[in-house]
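The values are calculated or read from the model by the stated rules, or taken from the named source; none is laboratory data. Everything quoted here is computed from the prediction, not taken from an experiment. Methodologically, a virtual Cβ is constructed for each residue, glycine included, from the backbone with ideal geometry; neighbour enumeration extends over all protein chains shown.
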Amino acid sequence: MSPEEASRHKSMSSKDFVMSVNRALDFGYGPHPSSSSVDHYMEKLFSGIGHTAASTKECFEVPPRAIGLIFERMAFRLSMMHSHDYVSKGLALVGDAAHTVHPLAGQGVNLGFGDAAALAKVISEGVSIGANIGDLSLLSWYENDRKTANVAMAAVLDGFQKMYSVDFGPLNVLRAAAFHGAQYISPLKRNIIFYAMGNKQSPLFS
């Protein structure tokens, strides 16, 4: 939400707030999808990377309805932040403790999963050679592995957020054309999907 919308939602009555939450959960920011439209979209999205149609046939389910408030409403600013250092002796930061990004397409949690997997691999390799798992020289391998990927994804998401926050006719047309075109360029689409899923190596060269 914009700061103005957030302030309005904090100050509205509990009844109006619950109604607004249910409206957002059910309809969101677009038309209410049907099961068939979701199936068709998912089949198109994954058709180029080896997924079967059967694996994507999940029906859209209307979420449970909120019925009241049990806690004070709070608002949090969404901003991109990145820690200068991920590690120190005996300490490693992962996920949102190391970096925060705008919540687009769940990439924040994907980055966190990537951090956890990379740290687990470094620790496992350290244990196999008898190293102290809290040693800075060992943990630095984790930082070196993840920092570049995280900074790159954070920059991309920040760029998307800024690009979509501008409502300007010619830019809107250009933006729509670019994303529409990417849908029909299979190599580009596969690379975008693979990178978003946390695979750093391009499927074109794997």
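Filtering the range 90-106 to residues that are over 19 Å from Leu139 (Cβ atoms) and crowded, with 20+ Cβ neighbours inside 10 Å leaves only Val101. Only one entry in Asn110, Asn191 is more than 14 Å from the chain's Cα centre (by Cα), modelled with pLDDT under 95 and surrounded by 15 or more Cβ atoms within 10 Å (Cβ to Cβ), namely Asn191.
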